[in-house]
Amino acid sequence: MSKLVIVGTVAFDAIETPFGKTDKILGGAATYIGLSASNFNVDSAAVSVVGGDFPQEYLDLLKDRNVDIEGIEIVKDGKTFFWSGKYHNDMNSRDTLTTELNVLEHFNPIVPENYKDADVVMLGNLHPLVQQGVLNQMTKKPKLAILDTMNFWMDIALDDLLSVIKNVDVITINDEEARQLTGEYSLVVAARKIQEMGPKYVVIKKGEHGALLFHDDNVFYAPALPLEEVFDPTGAGDTFAGGFAGYLAKTGDFSFENMKTAVIYGSTLASFCVEKFGTERMQNLTDKEIYKRLDQFKSLTQFDIELT
Ligand SMILES: OC[C@H]1O[C@H](O)[C@H](O)[C@@H]1O
């Protein structure tokens, strides 16, 4: 089993969907990734920053799910990063209403000493210089570095982003972002171009239409499970990344074949995330629930065909 370092925001989110509205609740990329990866019982550590206003019970929640929180700095006189967003009726698109960086503005990530030799590093969505700062602290090159990012960084820090992209093995990105990064409409061409930028594996997330995994000339597609209830898509991409990274850290097998299974785990975990507001559904998820859904996944994608 490999150790897993997770970098990303730990945040307050206020979310509005066609089904309701929340006040400030627990959010952030590292939170979702950590909760998702915790289902694989790997040794994982979150690297992030919060303000003195961040409730201890939220930190305890991560700790109780076996996510090491030593690398979450608490700036006593600072305020926690705050994000609020409103989803449109299709639940696929959203408007960001507020982004208050607060303590994130001067964030210098510090990887806990006993995690500097981790085999797997999951760089959640943050400034590319922070992501690179984490890679620089690793005492040995991780066997697998995975990077998640978004269009925001392509708009304001493209050069820094391209530099860190060169140093990772896997990128997880959504379809629009892949198109923006490469200027290519075809996702097949976009994935090829991204592989030329550095990462040998490219995961393109397509929301309710599943995810694609590319490596050389190989492509794997996993649909998203058709769900009766989609309540709040916030954090689904991070939950996917956490499931993907957690499964790979657990198995220590970083081959394309095993990454296919990691994509299925990522999609399965993301399917739970969207069923309730914020992190609620991810807080008490059981293995039994996960296995049941993996089974549904299997029947969804299996068929017999006779080629005559
Ligand atoms: O990816 C989801 C996260 O992005 C934003 O940073 C919010 O904090 C939210 O929880």
Requested in this report: Give, in nm to one decimal, the length gained when the segment between Ser299 and Asp216 is fully stretched (0.36 nm per residue of separation minus the Cα-Cα distance).
Outcome: 27.1 nm
Report task. Could you list the chymotrypsin sites (Phe, Trp or Tyr not before Pro) in region 1-93 that lie in coil according to DSSP, counting only those with at most 16 other Cβ atoms within 10 Å of their Cβ? Result -> Phe19
Report summary line: Note: region 3-301, point scatterers on Cα, Debye, no solvent; log10 I/I(0) at q = 0.07, 0.11 Å⁻¹ equals -0.22, -0.58
Query raised in the report: What residues from region 197-235 fall in the zone where the backbone N is under 19 Å from a label point 7 Å along the Cα-to-C-beta line of Ser255?
Result: 200-202, 213-221
Query - Theoretical FRET efficiency, 1/(1+(r/R0)^6), r = Cβ-Cβ of Asp90 and Glu113, R0 35 Å, to 0.05 - result: 0.15
Report summary line: When the charge dipole of the chain is computed with +1 on Lys and Arg Cβ and -1 on Asp and Glu Cβ about the Cα centre, the Cα farthest towards its positive end, among Gly183, Met197, Thr80, belongs to Met197
Query raised in the report: For the cross-link pairs Lys63/Lys200; Lys24/Lys143; Lys206/Lys250; Lys79/Lys206; Lys260/Lys288; Lys166/Lys205, which exceed 27 Å when the distance is taken from alpha carbon to alpha carbon?
Result: Lys63/Lys200; Lys24/Lys143; Lys79/Lys206
Report task. State the extension gain, in nm to one decimal, for the chain segment bounded by Lys288 and Lys76, taking 0.36 nm per residue of separation less the distance between their alpha-carbons. Result -> 72.4 nm
Query raised in the report: What's the exposure ranking of Phe277, Phe152, going from fewest to most Cβ atoms within 10 Å?
Result: Phe152, Phe277
Requested in this report: Let me know the charge dipole size of region 3-301 about its Cα centre in debye, to the nearest 20, where only the beta-carbon of Lys, Arg (+1) and Asp, Glu (-1) is charged.
Outcome: 580 debye
Query - Cα-projected label distance for Lys276 with Glu306, points at 7 Å along beta-carbon direction, nm - result: 4.8 nm
Query - Using a Förster distance of 30 Å, the FRET efficiency for Lys63-Thr98 (Cβ separation, nearest 0.05) - result: 0.60
Query - Likely footprinting exposure, Tyr185, Tyr201, fewest C-beta neighbours within 10 Å first - result: Tyr185, Tyr201
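Bear in mind that the values in this text are calculations on the coordinates, not laboratory data. No experiment lies behind these values; they were computed from the predicted model shown. Virtual Cβ from ideal backbone geometry, glycine too; neighbours counted across all protein chains shown.
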